[in-house]
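Only one structure is covered here, and it is reproduced in the block below.
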Ligand SMILES: [Zn+2]
């Protein structure tokens, strides 16, 4: 890794904080989903609203889950000493980009290629 240890430490702290927050918000999303599902005596209109809410909660849970796996992957790369390097091309990810997206496994070039479908996203494919 090319970035200096103090910078890396700062990213590690923010990633760990984020990991905790995501774990907590996912737990509460699941609990809310259960409460919604458990509430039985409803008329049709209420049920429609509730099933919509349930879907929202579950989809939030899903994207939270993806986010959490990215954060955990970043923490793993911190342990391995490869944090800050693009997992596709190995180039150092710019500091500004890491500050905005500390969990990102890709440099800006590879991210664009993934969005354009030029290369496969191994994180999503995994
Ligand atoms: Zn790259």
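Any read-out appearing in this document is the output of simple, stated calculations on the displayed coordinates, not a laboratory observation. Keep in mind that this is a model prediction, so the values were computed, not measured. Please note: Cβ atoms are built from the backbone with ideal geometry, for glycine as well, and neighbour counts cover all protein chains shown.
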Residue 31 to residue 82: FRET efficiency via 1/(1 + (r/R0)^6), r the Cβ-Cβ distance, R0 35 Å, to the nearest 0.05?
0.45
How big is the gap, in Å, between the Cα center of the range 68-108 and the Cα center of the range 1-34?
14 Å
Suppose the chain between residue 46 and residue 97 were pulled fully straight at 0.36 nm per residue; how much longer would it get relative to their current alpha carbon spacing?
13.9 nm
Need one number: nm distance between label points at residue 7 and residue 115, each 7 Å from Cα along Cα→Cβ, rounded to one decimal.
2.3 nm
